[in-house]
Structure formats: structure tokens, C-alpha cells
Amino acid sequence: MRQDGPDGVDTLPGLTVGAPGAPADCRRTLVERARWQWRPADGGDPAARAEEFLAAHGLPLHDLARPAGRHDAAGVCGAALYVSAAAGAALVGAPAGAANPVTGLPEVAVVVYGHGPGTPPGAGAASPATPWWRGTFAESWTPRQHADAVTAVRAAIGRGDVYQVNVVGHAAARYTGDPLPALSRLAALPGARYGGTLAGAGWAIGCASPETLVELTDGRLITRPIKGTRPATAAGRAELLDSAKERAEHVMIVDLERNDLARVARTGSVRVDELFAVRRWCDLWQAESTVSAAVADGLGLADLLRAVCPGGSVTGAPKLAALDRIAALEPVGRGASMGALGWVAPGRIDLGLTIRTAAVDAERVHVWAGGGITWGSDPDAEVAEAAAKAAPVRAALAGG
């Protein structure tokens, strides 16, 4: 799926249709119609500009409560939408933190798709000049530095500055060859509800996320925060269910997500449909809840993004104070991780939170992992948990 050239990673028209949430019955006929990307130097409000771009290309999302029109097989189908954690921070007036380590990766990308001939993705693509090879990952911080960041968050909690902060680390490795098959392997990991890819000139993202940032279905907004992780064994499941620390951490984020949805919902419609359900992702148990609300009349995509980005489960509580701590502590930007990636169309939104996510530029593949820190967190245990979350991602990106 790569055309070798001076810019490194590239894509052929219509071959980026691995975006999570793309309609299954349309995937093989989707063809790119238009694309818009945003970086901070471009200025303006990226959420508003994305909404305007979509409307100009046949996807009006100014009132999400309106029923969707009939699907036009000859018209546009929908769009892939990517919003980075840094863009989400900008939307709420928080510091962006350290620089994006992925060269050329935009902070927001919108790709509008229509329908074309039924050609399977990848058909006709040139064979890569060299086979895929991935080198050894170099960490952006040592385990001791990671543990020290956890200790710093605990100190901030002790002072009353925050209740919880999500701390994320980064690693990068050199590669050669076509990265898209490797990113597709990542996207196919078990439990990856938002498994998929998105690519542009000089960059690509692969996502294996199980977590819903926001979904719009039948006039109802849904978020499914995940907090709490243990090995996928019988003992691990029992330990997760019995952990007062994990449950307290989880409930804090559920309350944060309830408040986020309440800002864009009909009054009194927010509810917790499921609390602390234990589900599996690869070789880990994770605790997930479901929060939903009726969409308010006149709510547009831009206002929805401002309400839910960046996601509460990867920031902390209170969100703005947590973002201040994150910007001060993390030495490398979150890049493609901890943002949003999925599908938008009139009457349908399905955005996953980009945990368990990798990105490539022309020379390196980048991965991120972390976890939520509370007063009860043990620094060494948090370092080990982040490593456990990263392990399946790194394995999927191995050579071969």
C-alpha cells in the first residue's frame, strides 16, 4: 500500500479506508473525495473548521439531533475523523504539552469518502521495495523517570491540586519497508472495537482501541470509559473486581464523563447504563462502564468535540488541572495516542479513543502507553501496567 518516494510513507487514492467505524457494507467501494488537515500553525478553531469542511463536502453536522437523510449511493458516504490529544487540549484552552514526536502528523485530519468501483483495498498497489523491518524501541524515559512522574502526581493529589492524572510514556523504533500491513496487524488485535488505520503523505496511524470516546446512535450519545487493568487470568479478574483502588479510580472518570455529556445533552437525560463491567482486550482484563444521554437539539459536531476531547479516561480529574500536570510531566508529546479516531456522517458518529495506538512517520514507528494515577497508586506497579498494555502493540508491529 506504499509508494516509495522522497517523502517516505505515502498512500494511493482510496487506500486509507481502514478507518474505524466505516460502514462494513461500504468499505470495499469507498473512494476518497476530499481531505483537510490542521496543525497549530494553521490557526483558527479546528473543531469549527472541521465542521465547516464537512458541510462544504456534503456532510452537514450542525444539528446532530436531526434524523439522517436517506443514504445516497452516488453521493458522499461519510468521513474519517482524527483529533489528536494536543488538538483536544487546545479546544479546552489547556496547554498542548511536549511536541508531537511524529514528523508530519497533523493534529486533526478529515477524509471524506464517496463510492466508487468495488475494488478491494490494496488492489493494484505497488510491492514495497524492501520488506518490513522494525528495530528496537527506544523509550522516551526510564522506568525510574516514569515512576518519579507517578510520585509527582501523588504529591499533587496530596496537595489537593488534582484527584487523578493519566500519565503516558512514549517509545520509538526505526523501520524500513511498508508500514501499513504492520499497522493493519495491530488493528486486528482481539478486542479492538476501533481497529483500523488512517494514512496520509508521510504518516500513518494504526489503532487497536477497545474504548468508545463518543458514539451517536438513534439520537443518544454514548461513551464507554475504561479504567482498571489486570492480567486476563481468573485470578486477575477476581483481583480487578475486588480492588477498591481500581473501582474508585474508575468511578471518578465515570463522573467526569457524565459531566462532559451533560454539557451537550438534554437536561436530565444522562444516565449510567452499566458500571464496572470487566471485559477482555488481548491478554488483559479491563473495567468498562457505559454512560449515555439524549443529544440536545441544535448540537453540532464542533461543540460535541469541545465537550468530550480530550477524553477523561486519558486525562484525569478535574480535567483542566490534570492537563496542566500532564503538560508539565510528560517529556514527549502524545502524538496519535489519547485522541480520537473514527467515522462521522449525518445521524451517525462513532469515535474511538486512541489508546493501544501506533503511528509512523518516514523513519520511525511510535507507540504510547500509560495509566491513571490516584493517591493509592504504586509507582512500580504503574510502570509495569503501562508495559503490559504496550506489549501486544509492540508484538503486532514486529518484523515479518
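Residue ranking by accessible heavy-atom surface, 1.4 Å probe, largest first, among Asp45, Asp148 comes out as Asp148, Asp45. With contacts taken as Cα pairs under 8 Å and at least 6 residues apart, the chain reaches a relative contact order of 27 percent.
When the Cα positions of Gly347, Thr374, Ser337 are compared along the charge dipole of the stretch 290-390, Gly347 comes out farthest toward the positive end, with charges on each C-beta of Lys, Arg, Asp and Glu. FRET efficiency for the His62 to Ser243 pair, using the beta carbon distance and R₀ = 56 Å, is estimated at 0.80. When +1 charges are put on Lys and Arg Cβ atoms and -1 charges on Asp and Glu Cβ atoms, the dipole computed for the chain relative to its Cα centre reaches about 420 debye. For the stretch 321-371, the alpha-carbon radius of gyration amounts to 1.40 times the rule-of-thumb value 2.2 N^0.38 Å expected for a compact globular protein.
Positive-end ranking of Thr223, Leu186, Thr233 along the dipole of the stretch 174-253, with charges on Cβ about the Cα centre, is headed by Thr233. Summarising the amide proton neighbourhood of Gly228: residues at separation of 5 or more, or on other chains, whose placed amide H is nearer than 5 Å comprise Ala287. Taking the Cα centre of the stretch 159-218 as the origin and placing charges on Cβ (Lys, Arg +1; Asp, Glu -1), which of Tyr175, Trp203, Val165 is farthest toward the positive end of the dipole? My answer, from the dipole projection, is Tyr175. The tail of the calculated P(r) for the chain beyond 35 Å holds 21 percent of all Cα-Cα pairs. For the residues Ala85, Ala345, Ala384, a GNM of the chain with alpha-carbon springs under 10 Å puts the largest fluctuation on Ala384. Phi angles of the stretch 58-69 translate, via the Karplus equation with coefficients 6.51, -1.76, 1.60 and θ = phi - 60°, into HN-Hα couplings of x, 10, x, 10, 7, 9, 6, 7, 6, x, 6, x Hz per residue; Gly and Pro are given as x.
How high is the relative contact order of the stretch 143-264? Use alpha-carbon pairs under 8 Å, at least six apart in sequence, and give a whole percent. If you can, show how the numbers build up before the last one.
Values: 109 pairs, mean separation 15.2, N = 122.
For the stretch 143-264, the relative contact order is 12 percent.
Which of Gly347, Gly158, Gly339 moves the most in a Gaussian network model of the chain with Cα springs under 10 Å? The residue that fluctuates most here is Gly158.
Could you work out the local net charge near Ala172, counting Lys and Arg as +1, Asp and Glu as -1, over the other residues with Cβ closer than 10 Å to its Cβ? Please report the intermediate quantities before stating the final value.
Values: positive: Arg174, Arg364; negative: Glu139, Asp361, Glu363.
Net local charge, Ala172 excluded: -1.
Between beta-carbons, use under 9 Å as the cut-off and find the net charge around Arg263, counting Lys and Arg +1, Asp and Glu -1. Neighbour charge sum, excluding Arg263 itself: -1. Each principal axis of the Cα cloud of the stretch 228-387 was taken in turn, and the coordinate range along them, longest first, works out to 47, 44, 30 Å.
Using a cut-off of 13 Å between beta-carbons, work out the net charge of the residues near Val365 (Lys and Arg +1, Asp and Glu -1, Val365 not included).
Values: positive: Arg134, Arg174, Arg185, Arg364, Arg394; negative: Asp178, Asp361, Glu363.
Taking every Cβ under 13 Å from that of Val365, the sum is +2.
Using a simple spin-label model with pseudo-atoms 7 Å out from Cα toward Cβ, Asp45 and Arg220 lie 3.0 nm apart. Evaluated with a Cβ-only charge set (Lys, Arg +1; Asp, Glu -1), the stretch 236-347 carries a dipole of roughly 140 debye about its Cα centre, given to the nearest 20. Can you tell which of Cys207, Cys77, Cys282 shows the greatest fluctuation in a Gaussian network model of the chain with Cα springs below 10 Å? Result: Cys282 has the largest fluctuation of those listed.
The values are calculated or read from the model by the stated rules, or taken from the named source; none is laboratory data. Note that the structure is a prediction, hence the values are computed from the model and not measured. Note that each Cβ is placed from the backbone with ideal geometry, even for glycine, and that neighbours are counted across all protein chains shown. Calculation scope for accessible area: heavy atoms of the full protein, side chains included, ligands and nucleic acids excluded. Shrake-Rupley method; radii C 1.70, N 1.55, O 1.52, S 1.80 Å.
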